[in-house]
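Everything on this sheet refers to the single structure shown next.
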Amino acid sequence: MKKVLEGRLVCIPYGGDGWVLFSDDSAKEYHELRKKLRSGELTEEEMDVCDRRLWEIEREGQCIGAVLCGLEGKKVRITVEVVEEE
């Protein structure tokens, strides 16, 4: 059995610093929203909208732990290849 996953790896800074794999578009949107939230220039309502969208993006991604848990007890080879530098 071979699994190939491709996307942008993002560390979610809460909830145990989980690693999630996002599509290119989702990763870009995720980082833009995080930047907006850190700016401190949003209203309470805008912050709620950003938080809700961040949550949606996180749920769309593939949690690395969830992908690997099905392989528990099996001998595996994990290769990480950087296919594009930012």
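What is the dipole size for the chain, taken about its Cα centre, with +1 at each Lys and Arg Cβ and -1 at each Asp and Glu Cβ, in debye to the nearest 20?
Value, rounded to 20: 680 debye.
Amide H to amide H under 5 Å from C63: which residues, 5+ apart in sequence or cross-chain, H placed 1.01 Å off N in plane?
L21
Angle, helix 24-39 long axis vs. longest principal axis of the chain, Cα atoms, 0 to 90°, nearest 10?
Helix 24-39 sits roughly 40 degrees off the main axis of the chain.
How high is the relative contact order of the chain, in percent, with contacts defined as C-alpha pairs under 8 Å that are six or more residues apart?
27 percent
With every protein chain kept in place and ligands, DNA and RNA left out, what is the accessible area per residue of the chain? Probe 1.4 Å, answer in Å².
Value for the chain: 84 Å² per residue.
How many lysine pairs in the stretch 1-78, separated by 8 or more positions in sequence or lying on different chains, have Cα atoms less than 26 Å apart?
The result is 6.
What percentage of the solvent-accessible surface of the chain, computed with a 1.4 Å probe over protein heavy atoms, is contributed by carbon and sulfur atoms? Numbers along the way, then the final one.
Numbers: 3640 of 7240 Å².
After summing per-atom areas, the C and S share lands at 50 percent.
Among H31, A66, I12, whose Cα projects farthest towards the positive end of the dipole of the chain, with charges put on the beta-carbon of Lys, Arg (+1) and Asp, Glu (-1)?
The residue sitting farthest along the positive end of the dipole is A66.
Could you pull the Rg and Dmax for the chain, using just the Cα atoms, both in Å?
Rg and Dmax of the chain, Cα atoms, are 15.4, 50 Å.
The values are calculated or read from the model by the stated rules, or taken from the named source; none is laboratory data. Nothing here was measured: the structure is a model prediction, and the numbers come from that model. Neighbour counts are summed over all protein chains in view; Cβ atoms, including those assigned to glycine, are modelled from backbone coordinates with ideal geometry. Note: accessible area is taken over every heavy atom of the protein model, side chains too, but ligands, DNA and RNA are not part of it. Shrake-Rupley method; radii C 1.70, N 1.55, O 1.52, S 1.80 Å.
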